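See structure below.
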Amino acid sequence: MSADDQKRIAGEAAALRVEAGMKVGLGTGSTAAWFVRALAARNLPDLRCVPTSEATADLARELGLTLATLEDTPRLDLTVDGADEVGPGLALIKGGGAALLREKLVWEASDRCIVIADAAKVVKTLGAFPLPIEVVAFGHKTTGNRIADVLADHDITMPARVRTAERGLVRTDGGNLIYDARCGAITDPSRLADDLKLITGVVEHGLFLDLADEAIIGTDDGVEVLVP
Ligand code: 5RP
């Protein structure tokens, strides 16, 4: 089965967890998009959906889902979202799609969070995927130097690199920048998360710890459910 098929079956399985009348957080990325499509296909009455990015909002709107904001609905029943890595205890790296700030806000507003992924995303140690760190644009090089100091304190010698695309610096939906930290292996995710949050100029990082209640992983043999 291709990785995309694994993402699809994970998204479809997660859509079955949604009930009529729920307030649902919609993640961002190719796996979350499969969930959004499967959810729309169920045509459940009275759903209200809070998207975690403009891209997801566009897709959900196109498919006829009713959109809401965290201002309208500060508490959500369920959020379903993808991840870049799923580690032990369902510790995650997210933010490959540059939506980590809105994603974390929506996850933290949810009673239950389900992460969906293809099998290749499951790892024994977080850190092979570069850790995204969202920073404000003002003074970002200074912030980048302070991130490098924190990483060095965690024995990570590669400085984080500001994310670029063909048209220059990548901007998040909130207008911020992303630094990607090539950690290799993150031996103490919780301490790294705390240390990054203390840097002025860092808005959020892509370590999602103690947030996922369940993982639905698409594998060649069907979906596998993991709990923390
Ligand atoms: C976006 C994310 C995505 O969920 C993550 O990058 C996984 O993406 P995909 O499902 O396309 O592999 O965190 O910020």
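The values are calculated or read from the model by the stated rules, or taken from the named source; none is laboratory data. Fair warning: this is a prediction, and the values are worked out from it, not measured in the lab. We place every Cβ from the backbone using ideal geometry, glycine too, and count neighbours over all the protein chains shown. SASA here: full protein model, heavy atoms, side chains in, ligands and nucleic acids out. Shrake-Rupley method; radii C 1.70, N 1.55, O 1.52, S 1.80 Å.
Side notes on the structure shown:
- Candidates 51, 74, 159, ranked by Gaussian network fluctuation over the chain, Cα under 10 Å, top entry: 74
- Charge dipole of the chain (Cα centre as origin; +1 on each Lys and Arg Cβ, -1 on each Asp and Glu Cβ, all else neutral): 480 debye, rounded to the nearest 20.
- Note on residue 71/residue 185: beta-carbon distance plugged into 1/(1 + (r/R0)^6) with R0 of 45 Å gives a FRET efficiency of 0.70.
- Value of [θ]222 nm, deg cm²/dmol, for the chain, DSSP H segments ≥ 4, -39500 (n - 2.57) each, nearest 500: -9000 deg cm²/dmol
- For the stretch 36-99, applying the loop criterion from DSSP together with a ceiling of 10 other beta carbons within 10 Å to the trypsin sites (Lys or Arg not before Pro) yields 75.
- Residues whose amide H falls under 5 Å from that of residue 76, counting only those 5 or more places apart or on a different chain, are 110, 111, with hydrogens built in the peptide plane.
- What the pair-distance distribution of the chain shows, using all Cα-Cα distances binned every 5 Å from zero, is 1, 7, 15, 19, 19, 16, 12, 7, 3, 1, 0 percent.
- Accessible surface of the stretch 131-203 [probe 1.4 Å, protein heavy atoms]: carbon and sulfur percent: 50
- Förster-model FRET efficiency, 30 Å R0, residue 43 and residue 120, C-beta, rounded to 0.05: 0.40
- Label reach from residue 170 (point 7 Å along Cα→C-beta): in the stretch 111-154, amide nitrogens under 11 Å belong to 130-134.
- Choice from 11, 95, 168 showing the highest fluctuation, given a GNM over the chain with Cα pairs closer than 10 Å: 168
- Solvent-accessible surface of the chain, taken per residue with a 1.4 Å probe and all protein chains present: 47 Å².
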